[in-house]
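One structure is given below, encoded as C-alpha cells.
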Amino acid sequence: MEDIQEKKRIDMAKLKKTGAVVLPSIFTIANMAFGFFAILLASEGKFVQSAWFIVVSYVMDMLDGRVARLVHGESSFGVEIDSLSDWISFGIAPAYLMYKLVLKDYGMWGYPVSFLYVLCGALRLARYNVRSHFGGSDKDYFEGLPIPGAAGVIISFVLAYMQFEGEGGTRSIPQVMSQMPVVLASMPFIVVTLALLMVSNAPYAAFKGDMVKLNSMKGILLVTAVLSLIVAYPQDALFVFFSIYALSGILGGIYNALRGKPKTA
C-alpha cells in the first residue's frame with residue numbers, strides 16, 4: 001500500500017513539473033507565432049501591422065520568463081526554445097521588415113546588411129545561452145546589446161517613420177518627426193551598428209535584480225514618466241527610448257575603458 005502511495009506521489013510530482021515547464025512555453029510559442037506573422041505581414045507591405053505584431057512578441061517574451069519563475073518552471077529546454085523564438089521575432093522579423101521597407105532600395109547591398117543583423121542576433125543569443133548554462137550570467141548588466149533592444153530600435157523607427165508618412169497615428173513629437181528623413185537615409189549604417197553592438201562587449205543595463213527598485217520614489221517617478229510618454233506619443237517615445245538604450249552601451253563602454261569594467265553577461 002505504501003509503495004502505491006509513493007508511486008502516486010512521484011507521478012503527481014512529475015505531472016506538476018511537466019505542467020510548470022509547459023505553461024511558460026505556451027507564451028514562448030506565442031512569441032514565436034507573432035514574430036512569424038510579422039514576417040508574413042511585412043511580405044504583404046503591411047509594415048505598421050508587422051511592427052505592432054513584434055511589439056506583441058515583446059509582451060509574450062516578458063510573460064514567459066515571469067511565468068516560468070512564478071511556477072518554478074525554469075529549464076534548459078525553456079532557455080533554448082526561448083532563444084529560438086527570440087531569433088525569429090527579434091532577429092529575422094525585424095531584419096526582413098527593414099529590408100522590405102528600406103534596404104531593398106540599395107540593391108544587392110541590402111542582402112548582406114540584413115543578413116549581418118540576423119547573424120549577429122544568432123551569435124548574441126548563443127553566447128547568452130552558453131553563459132546561462134554555465135552560471136556566467138550577471139543580473140545587472142548584459143554584455144552586448146540584447147537582441148530585443150536592437151529589434152526595438154528598428155520597429156520603433158518603422159512605427160515613427162510610417163507616422164511621418166501619414167500612416168499609423170497622429171500624435172507625434174515634432175522634434176522627432178523632423179529627423180525621420182535623416183534616420184531613414186542612415187538606416188543601413190544603423191542596422192550594421194546594431195548588429196555589431198549585439199556581439200560587442202558593451203555593457204547594457206538588464207533592468208532586473210538590484211538595479212530595479214520600484215519601491216523607491218525615484219523608481220516610481222521614472223517608470224510613471226516613461227509610461228506617460230509612451231501613452232501620449234507611443235511611436236516617437238518608443239523610438240527615443242530604444243535609441244537612448246542602444247547608445248547607452250557605447251557610452252558605458254567608453255566610461256568603463258576609462259574607469260573600470262563591471263561584470264557583464
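Residues to consider are SER156, SER186; find the one that is surrounded by 15 or more Cβ atoms within 10 Å (Cβ to Cβ), closer than 25 Å to TYR117 by Cα, modelled with pLDDT of 90 or more and hydroxyl-bearing (Ser, Thr, Tyr).
The match here is SER156.
For the range 134-148, does any single residue satisfy the condition of being within 27 Å of ALA202 (Cα to Cα), of a type in the set (A, V, I, L, M), without any contact (Cβ under 8 Å) to a residue 40 or more places away in the chain and outside any loop (DSSP other than H, G, I, E, B)?
no
Within the range 83-108, restricting attention to residues that are among the hydroxyl-bearing types (Ser, Thr, Tyr) and surrounded by fewer than 24 Cβ atoms within 10 Å (Cβ to Cβ), which residue is nearest to MET198 (Cα to Cα)?
If we take residues in the range 83-108 being among the hydroxyl-bearing types (Ser, Thr, Tyr) and surrounded by fewer than 24 Cβ atoms within 10 Å (Cβ to Cβ), then SER83 is nearest to MET198 (Cα to Cα).
Rundown of residues vs (1) within 19 Å of VAL199 (Cα to Cα); (2) buried (at least 20 other Cβ atoms within 10 Å of the Cβ); (3) at pLDDT 90 or above, yes/no style:
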{"position": "ALA30", "(1), (2), (3)": "no, no, yes"}
{"position": "TYR58", "(1), (2), (3)": "no, no, yes"}
{"position": "SER76", "(1), (2), (3)": "no, no, no"}
{"position": "GLU80", "(1), (2), (3)": "yes, no, no"}
{"position": "GLY110", "(1), (2), (3)": "no, no, yes"}
{"position": "VAL113", "(1), (2), (3)": "yes, yes, yes"}
{"position": "ASN129", "(1), (2), (3)": "yes, no, no"}
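Of the numbered conditions (1) within 14 Å of ILE154 (Cα to Cα); (2) in contact with a Phe, Trp or Tyr (Cβ under 7 Å, 6 or more places away or on another chain), ILE88 satisfies every one except a single condition; which is it?
For ILE88, the exception is condition (1).
What do you reckon, is ALA225 at pLDDT below 90 and hydrophobic (A, V, I, L, M, F, W, C)?
yes
The values are calculated or read from the model by the stated rules, or taken from the named source; none is laboratory data. Just so you know, these numbers come straight off a predicted model, no measurement behind them. Positions of Cβ are generated from backbone atoms using ideal geometry, with glycine treated the same way; all protein chains shown enter the neighbour counts.
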